[in-house]
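**Student:** Here you go, one structure.
The values are calculated or read from the model by the stated rules, or taken from the named source; none is laboratory data. Here the structure is a predicted model, which means the values were calculated and not measured. Quick reminder, even Gly has a Cβ in these numbers, built from the backbone with ideal geometry, and neighbours come from all protein chains shown. For accessibility, only protein heavy atoms count, side chains too; no ligands or nucleic acids. Shrake-Rupley method; radii C 1.70, N 1.55, O 1.52, S 1.80 Å.
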Amino acid sequence: MNEQRTPFGSHALELLRPGSFRRYIIGSLISDTGTWMQVMAQAWIMSTLTNKAILLGLVNLCAGIPTILLTMPGGAAADRYDKRKILVATQIWQIILALFVGWLIVTHRIQIWQILVTATLLGICVAFEMPAISAFVPELVRYDQIGAAIAMDRSVFHGSRLLGPSLAGWLVTRWGAASAFFANAASFIALIVAIISIPPRKTGTEEEEEQRRSGILEGFRYLKSDRIMVLMVALIALTTIFVFPVISVMLPLYVRNLLHLGADRLGWLMAISGTGSLAGSLGFLSISRHHRFQFMTGNAIAVALALFGMARSNSFPLTAASMGFLAIGLSMNFALANTIVQERAPSPLRGRISAVFGLSFFGLMPIAGLGIPGLADLIGMRTALTVAAAIFGVGALIVLNGAGRQGCEASCEGASETKVPAEPAIVP
């Protein structure tokens, strides 16, 4: 196929031409920036309300329970119904939640239980948004552009982490945490406008449409039959349990209690993490199909070493360097795993398969948010980080080596021979 000989990076440049994908990616950049502003502001608010890491993890638990319960129905809805309508509805729901929390902060009524309730409501929203948007992006491009589209989507998501946390730190310092929530509410409008401007997907064959109406568990059955998909889910699950809590839950207390720094430095660390994630997503564009497994192994080692560096750090520069390397490895491995899954997933089942893949991240976050943070309360944060680094490093190497280099590469090559449409499912 001539498409397979096209340089991977050239697909990314082609995607920036006027069309559905470009409209989506611009709206996503604005919306994601607002989301990261709220993430940083909420983490800071929680750290002012409690010094217990496990309570910070409880926020993820409340968000994760409805996500676990509703993600598979959300994936089935994404396959069966118009993904655009699902995405617009979830954006409006998030606007309402952001305005509500911002109002609570302005009126000095914010309490931990209120954050837990809104996190639960947000979890319901994510259960439908995550599989819908994961299956929506590949429909905007040709099959041979799926990898580049995912890499660019991840690059925009992580690039927004450069702007969001630093802007939030600036806003929180000058006008209070509520301003970040209000800014996030406004940012969703850009993505809503972009999604509305995109036409519906083309109707598939009778067999494809029938497959879209099949049962919720069909995604599980298909994924279970594919060894490489199982490997990708296992790797992301390990990452979720032992690595992501450090960034998503423990970082505010790490900055406040171990480095003895304030909200501005927390914002800078999150921005540095965003820089590393952006570098990993962009670096993914240059990785050939034949070298994916080697890069995933190297990234896993780098992530484990970065976690250990944070465990031993007493200074901002060393922590910042560790966060940068950590983010590069995580971003590249997540993009590689997601791309392999999306390339191998048949279009009528992509929503449900995306839901299963997403459960290895969003579904496990409740457990992860209590595991390592709870361990940190018992044995100390530095010791807990060391334990997490060791378990993740060993576990990731076992998982990746278990697949076998030749088996992984052969399976990935086989995916390119699958019968797929030459044109995108949505006409620009």
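**Student:** I'm trying to understand the selection: among the residues of segment 99-144, which are open to solvent by 30 Å² or more (accessible area, probe 1.4 Å), of a type in the set (Phe, Trp, Tyr) and under 19 Å from Thr35 (Cβ atoms)?
**Tutor:** Selection gives Phe100, Trp103, Phe128.
**Student:** Would you check if Ala180 is within 26 Å of Gly283 (Cβ to Cβ), surrounded by 18 or more Cβ atoms within 10 Å (Cβ to Cβ) and in contact with a Leu (Cβ under 7 Å, 6 or more places away or on another chain)?
**Tutor:** For Ala180, the condition - within 26 Å of Gly283 (Cβ to Cβ), surrounded by 18 or more Cβ atoms within 10 Å (Cβ to Cβ) and in contact with a Leu (Cβ under 7 Å, 6 or more places away or on another chain) - is not met.
**Student:** Could you list, in sequence order, all residues of segment 307-327 that are surrounded by fewer than 17 Cβ atoms within 10 Å (Cβ to Cβ) and assigned to a loop (DSSP other than H, G, I, E, B)?
**Tutor:** Once the filter is applied, which keeps residues that are surrounded by fewer than 17 Cβ atoms within 10 Å (Cβ to Cβ) and assigned to a loop (DSSP other than H, G, I, E, B), segment 307-327 yields Asn314, Ser315.
**Student:** If you go through segment 83-95 one residue at a time, how many are open to solvent by 20 Å² or more (accessible area, probe 1.4 Å) and in contact (Cβ under 8 Å) with a residue 40 or more places away in the chain?
**Tutor:** Final tally of qualifying residues: 6.
**Student:** Scanning segment 31-52 for residues that are part of a helix (DSSP H, G or I) and β-branched (Val, Ile, Thr), which turns out surrounded by the fewest Cβ atoms within 10 Å (Cβ to Cβ)?
**Tutor:** This residue is Thr48.
**Student:** So, in segment 62-82, of the ones that are open to solvent by less than 10 Å² (accessible area, probe 1.4 Å) and of a type outside the set (Ser, Thr, Tyr), which residue ends up farthest from Ala127 (Cα to Cα)?
**Tutor:** Once the filter is applied, the top-ranked residue is Asp79.
**Student:** Would you point out the residue of segment 186-201, among those that are touching a Gly at 6+ places or on another chain (Cβ under 8 Å) and over 16 Å from Ile86 (Cβ atoms), that is most open to solvent (accessible area, probe 1.4 Å)?
**Tutor:** Val193
**Student:** Also: Met229 fails exactly one of the following numbered conditions: (1) modelled with pLDDT of 75 or more; (2) among the hydrophobic types (A, V, I, L, M, F, W, C); (3) over 18 Å from the mean Cα position of the chain (by Cα). What is the number of that condition?
**Tutor:** Among (1) modelled with pLDDT of 75 or more; (2) among the hydrophobic types (A, V, I, L, M, F, W, C); (3) over 18 Å from the mean Cα position of the chain (by Cα), Met229 violates only (3).
**Student:** Which residue is farthest from Ala306 (Cα to Cα), if the candidates are limited to segment 262-277 and must be over 16 Å from the mean Cα position of the chain (by Cα), in a helix (DSSP H, G or I) and of a type outside the set (A, V, I, L, M)?
**Tutor:** Only one residue fits best here, namely Asp264.
**Student:** Go over the candidates Ala300, Ala304 one by one and state the one that is open to solvent by less than 20 Å² (accessible area, probe 1.4 Å) and either touching a Phe, Trp or Tyr at 6+ places or on another chain (Cβ under 6 Å) or of a type in the set (Val, Ile, Thr) (or both).
**Tutor:** Among Ala300, Ala304, only Ala304 is open to solvent by less than 20 Å² (accessible area, probe 1.4 Å) and either touching a Phe, Trp or Tyr at 6+ places or on another chain (Cβ under 6 Å) or of a type in the set (Val, Ile, Thr) (or both).
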